[in-house]
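Below is one structure, written out as structure tokens; comments come after it.
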Amino acid sequence: MTSSGVQGGGVPSGSGRAQAVVRRKDVNPSSCVLVSRRQTGNPLLRYIKNVRWTFVDDLVPDYQMGQSSVALFLSLKYHLLHPQYIHYRIRELQRSFRLRVLIVHVDVDDPVKPLNAVTKLACLSDFTLICGWSYEECARYVETFKTYETKPHDVLLGSKSTAATDDYTSRVTHALTQIRGVNKTDVLTLTTAFGTLREILQASEEDLSSCAGLGPTKVKRLYDAFHSDFYPKVPGAGKPLGESGGQRKRARGAQEGGTGKSAGAGEGDGFDIEDFL
């Protein structure tokens, strides 16, 4: 595939005007994004505005965002017409760079089947697959890789300890504020005094009362919430199986004695609420 034909993105190349040859060794990849001549005419380039880029004639990947990060660009529409193209490009690149990205422009109405094939190929070839639904979105990914090239890893991941602490605190706050009358300030008071949710749950009423801002009503609600049954008591629970409420009532009537009225007869006969408990 030469730079004068149809490009890997499925985009016609630019004009055939003579251009100065730029070699990869003559350009520092840390100063700008290196772009292969194959990408001439790709609309994606119009949207790379936040970082510098320059064409390089002997660049194997389509884009080089840093010393060890590169990208290939593929249009799904082009892939349907030339399914072997991306295989050739991946073999050509081999494993020369630590981070190899395959940026796929999803520009077909039914992308499921071709995208499945490309995803499988990317996984087997140790490529990171990124999909964009517009040229502008694809350009943002190229810019982002370049922008974060020299950033420390904690900028990307965030502080794990802080994130974990914030998540724990938010969960405790969400749980305790479900109790009527308990607000975020009360939760902060409790966590400061007891440290963990376990200690809060095991605290006595006296311990809870010692916290500033917790009056008798809040203390009682907290203590009752922590020590009441998790499941509500169901009316009729624990009754012997095989004996309905009406049967027991009639049996009790018979035992109490001979009123001369047959068990279960009279008003309401045929409907006893206890039969439904």
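No lab work stands behind these numbers, since they all come straight from the coordinates. The structure presented is a predicted model; accordingly, all values stated were derived computationally and were not measured. Here Cβ is always computed from backbone atoms with ideal geometry, including for glycine, and neighbour counts include all displayed protein chains.
Under the rule of at least 5 residues apart or a separate chain, name every residue whose amide H is placed under 5 Å from the amide H of residue 102.
The list, which skips near neighbours in sequence, is 72, 128, 129, 130.
Please list, ordered by chain and number, the residues whose modelled amide H lies under 5 Å from the amide H of residue 55; skip anything fewer than 5 residues away on the same chain.
Here the answer is 35, since their amide H atoms fall under 5 Å of that of residue 55.
In nm, to one decimal, how far is the residue 136 label point from the residue 209 one, both placed 7 Å along Cα→Cβ?
6.5
Find out how many positive minus negative residues lie around residue 138, taking Lys and Arg as positive, Asp and Glu as negative, among other residues whose Cβ is under 13 Å from that of residue 138.
Working: positive: 46, 140; negative: 62, 107, 136, 137, 143.
That works out to -3.
What does the charge count near residue 52 come to, summing +1 for each Lys or Arg and -1 for each Asp or Glu among other residues with Cβ under 14 Å from its Cβ?
Values: positive: 49, 146; negative: 143, 149.
Net charge around residue 52: 0.
Starting at the first residue of the range 192-209, write each ³J(HN,Hα) from the Karplus equation 6.51 cos²θ - 1.76 cosθ + 1.60 with θ = phi - 60°, in whole Hz, x for Gly and Pro.
5, 6, 10, x, 10, 5, 4, 5, 5, 5, 8, 5, 7, 4, 5, 5, 5, 5
Taking every pair of alpha-carbon atoms in the range 160-227, give the share separated by more than 17 Å as a whole percent.
Values: 793 of 2278 pairs.
Everything past 17 Å amounts to 35 percent.
Report the local net charge at residue 33: Lys and Arg +1, Asp and Glu -1, summed over other residues whose C-beta lies under 9 Å from its C-beta.
Numbers: positive: 52, 146; negative: 143.
Residues close to residue 33 contribute a combined charge of +1.
Under 5 Å between amide H atoms, partner at least 5 residues away or on a different chain: which partners does residue 107 have, H built in plane at 1.01 Å?
HN-HN under 5 Å from residue 107: 76, 77.
Cα extents of the range 24-151 along the three principal axes, largest first, in whole Å?
Its Cα atoms span 39, 28, 28 Å along the three principal axes.
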